Structure formats: C-alpha cells, structure tokens
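The values are calculated or read from the model by the stated rules, or taken from the named source; none is laboratory data. Every value quoted in this text rests on a predicted model; they were computed, and no experiment measured them. Reconstructed Cβ throughout: ideal geometry from the backbone, glycine too, with neighbour counts over all protein chains shown. These area figures cover heavy atoms from the full protein model, side chains too; ligands, DNA and RNA do not enter into them. Shrake-Rupley method; radii C 1.70, N 1.55, O 1.52, S 1.80 Å.
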Amino acid sequence: MFEKVLVTGKNEETLLPRVLRVLSKQGAHVRSLHMDAKDDTLQLEILLEDAAALQVARLLEKQVSIVSVNTVA
C-alpha cells in the first residue's frame with residue numbers, strides 16, 4: 001500500500017534536506033519524490049511504501065518549518 005504526503009513550504013535551499021532527514025530518521029520507505037518550485041514556494045509530493053504517512057506528516061509539522069502538510073491515502 002502506498003500513501004502520499006504533500007508538503008508545501010518556503011522555497012529555501014535547506015527545506016528538502018530537512019524533510020529528507022526526517023524521513024531517513026523515521027526509516028520511511030520512499031517510493032517516489034516529486035518537487036515543484038514556484039516563485040517563493042516549494043511543493044513536495046512524497047509517495048511512501050508503508051502506512052506511516054500520518055506519522056511522517058505530524059513529525060514534519062513539528063520538526064520542519066513548513067506552510068502545510070497533507071496526507072492522501
């Protein structure tokens with residue numbers, strides 16, 4: 001089963017490494033990652049192999065300065 005995590009944040013050069021660090025520490029299995037940069041925002045669409053999307057979304061909200069995080073089953 002795959003779940004998506006949609007992350008929106010400021011287009012800063014440190015956003016992607018911070019998100020990847022959280023995913024790595026959680027041992028999340030990333031199936032795919034799509035990044036789209038527009039003006040001052042960065043949107044990440046992360047497809048996870050395990051059912052940990054909700055937990056990852058909560059951790060990202062707490063540990064990374066982002067605008068929004070949503071999960072899609």
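Among the residues of segment 1-33, those identified as surrounded by 13 or more Cβ atoms within 10 Å (Cβ to Cβ) and among the aliphatic types (A, V, I, L, M) are 5, 6, 7, 15, 16, 19, 20, 22, 23, 28, 30, 33. The set of residues from segment 1-49 being in a loop (DSSP other than H, G, I, E, B), free of Cβ contacts under 8 Å to residues at least 24 places away in the same chain and out of contact with any Asp or Glu (no Cβ under 7 Å at 6 or more places or on another chain) comprises 13, 14, 27. Checking each residue in segment 49-70 for being crowded, with 16+ Cβ neighbours inside 10 Å and under 10 Å from the mean Cα position of the chain (by Cα) picks out 53, 56, 57, 59, 60, 64, 66, 69.
On inspection, residue 36 fails the criterion of being modelled with pLDDT of 90 or more and open to solvent by 80 Å² or more (accessible area, probe 1.4 Å).
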